[in-house]
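The values are calculated or read from the model by the stated rules, or taken from the named source; none is laboratory data. Only a predicted model underlies this, so the values are computations on that prediction, with no experimental measurement involved. Here the Cβ positions follow ideal geometry from the backbone for every residue, glycine too, while neighbour counts run over all protein chains shown. The accessibility values were calculated without ligands, DNA or RNA, using every heavy atom of the protein model including side chains. Shrake-Rupley method; radii C 1.70, N 1.55, O 1.52, S 1.80 Å.
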Amino acid sequence: MTTTPSNQLWLYDTTLRDGTQREGLSVSIEDKLRIAHRLDELGIPFIEGGWPGANPKDVQFFWQLQENPLKQAEIVPFCSTRRPYSTAAEEPMLQAILSAGTRWVTIFGKSWDLHVIEGLKTSLEENLAMISDTIAYLRSQGRRVIYDAEHWFDGYKRNPDYALQTIKAAAIAGAEWLVLCDTNGGTLPHEISQIIKNILLGTGDWELGTGNTEKTLTQSPLPQIGIHTHNDSEMAVANALAAVMVGAKMVQGTINGYGERCGNANLCSVIPNLQLKLGYSCIGEHQLNQLTETSRFVSEVVNLAPDEHAPYVGRSAFAHKGGIHVSAVERNPLTYEHIQPEQVGNRRRIVISEQSGLSNILAKARSLGMELDKNDPQARQILQRMKELESEGYQFEAAEASFALLMYEALGLREQFFEVKGFQVHCDLVEVKETTNSLATVKVGVNGINILEAAEGNGPVAALDDALRKALVNFYPQIADFELTDYKVRILNGNTGTAAKTRALVESGNGQQRWTTVGVSTNILEASYQAVVEGLEYGLLLHFQAEKSLKI
């Protein structure tokens, strides 16, 4: 018989159900399947897939997973207890749950008497019967049950005796997990800790049974405790950690903290905090270093921009900007980094801005495979040129690709893949469609050959980008894999009206990497043109560098 290590924790991901309740987030069946398989690879033991019967999408999702099952994770459907004054065996929504064909089921019920009386419009006794009947029925159908005690902490603070009766009813009926939910997200860590301690002390007196036969605690082990927290007070992660430290063995949360209102506990912070800081076992070490990639994969699939400043997995989580910081980190990363970025699949970044010193320039050069000496005049020239450009409105902190090109040029290493000799953009406003049709014409020189090309787009930047691609793709086929993923414009000196300088930031990608370039001009199209051209140039540079390293 195998035993579970005392430091083992069980992760339960609810991105595909609770996470999709975030405002502005919508996923298809294909999206859900892709995320589920990625979470499976990450080593998440329980993945909540949705509420079959509540919508056709979730029904199809569970059916398709039966045809292409996960490798190690338990996929779990979610549902409420039966309705008042009915029976679980006759409840249609429970039949849909059974049809999902899973081993585990998560059922939620009411813990707070306010919700029972005003929400369900039923009696406190009937709510207990709903919990008990639902779980007992699912157990009779061979399902293992996780019970989510909704509004648990609010209910306990207002009527502790009744809240305890609800989870005891779930335990007697056969639930193997009692997950305590801070549904409104208003509880603080010290309250979480004390309430869970009270529960664990009080449950020692419970007598659990099956059917009419009462059994003592030694004959029927207590369900384990789990925690489900929301972030309305910015405490979801802290509350989850507090619960674990006093005995909770399951943590529910979502990737990137997605969820209704302010979100759920962010597993991208919960997992490394538990594993690297507190010594608990959640996922394998080789899986932990996939965390950053998983975070970005999920944000890409749900079409939300990644939080660049997210702890552990954000692009700025290990970014260093101040010259003193950079110099110290170069000598010993422990000076300004609480863990090694690689432990969670992230990397250190040296940020370049007008606050930069020579340390930033030297570190950035090393990251590009170039060694510069602090006494090298070229290093100071690069620093001086960068500060001059930033005083004109450029921002290399957010456009590292443009800074890399600036550095290559200063060192005489910048390749000229093509030369844009001119461009024109014509726009027509189509009132019926409430959109702008644009036509861009570009003249490009490649290897002594001039190409004239035109393209239409739903805006001047899109048209210009398409025209450049059409002109270059026959010479550089890999450009077909590049895409413009984001475009931002900022007016730098609005007090000058239409003569104001404009900064354009263009983010490009090739499916594996992303890079950002910048352009500045009093003409918004000129600024955009600069950024788009450098985006294509840097993408080609990455391609040929990778090709060269592969050949080596």
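Things worth noting here:
- Phi to ³J(HN,Hα) by Karplus 6.51 cos²θ - 1.76 cosθ + 1.60 over the range 261-271, Hz, x for Gly, Pro: 6, 9, x, 10, 4, 7, 5, 5, 9, 4, 4
- Pairs exceeding 19 Å between alpha-carbon atoms, taken from K110/K157; K157/K197; K121/K168; K364/K548; K71/K277; K249/K277: K121/K168; K364/K548; K71/K277.
- Working note: Karplus 6.51/-1.76/1.60 with θ = phi - 60° gives the range 47-60 the couplings 10, 7, x, x, 10, x, x, 6, 7, x, 4, 6, 4, 4 Hz, where Gly and Pro are set to x.
- For the chain, the longest principal axis of the alpha carbon atoms and the long axis of helix 524-551 meet at an angle near 80°.
- Angle between the chain longest axis and helix 29-42 axis [Cα atoms, degrees, rounded to 10]: 80 degrees
- Using alpha carbons only: equivalent-ellipsoid semi-axes of the chain, gyration tensor based, whole Å: 54, 27, 21
- Sorting 302-310, 466-474 by average packing, meaning the other beta carbons within 10 Å per residue, from highest down gives 466-474, 302-310.
- Considering helices alone, the calculated mean residue ellipticity of the chain at 222 nm is -11500 deg cm²/dmol, with DSSP H runs of length four and up weighted by -39500 (n - 2.57) and normalised per residue.
- Label point distance in nm, Q424-L114, each placed 7 Å from Cα along Cα→Cβ: 6.8 nm
- The long axis of helix 189-202 is offset from the longest Cα principal axis of the chain by roughly 30 degrees.
- Aspartates and glutamates whose Cα lies under 20 Å from that of K421, excluding same-chain neighbours fewer than 8 positions away: E409, E453, E456, D465, D466, E526, E534, E537
- Excluding same-chain neighbours fewer than eight residues apart, the aspartates and glutamates reachable from K374 by a Cα-Cα span under 17 Å are E330.
- Accessible area per residue for the chain, computed on protein heavy atoms with a 1.4 Å probe, is 47 Å².
- Cut-off 10 Å between beta-carbons: net charge of the residues surrounding H230, Lys and Arg +1, Asp and Glu -1: -3
- The share of accessible area on the chain that comes from carbon and sulfur is 48 percent, using a 1.4 angstrom probe.
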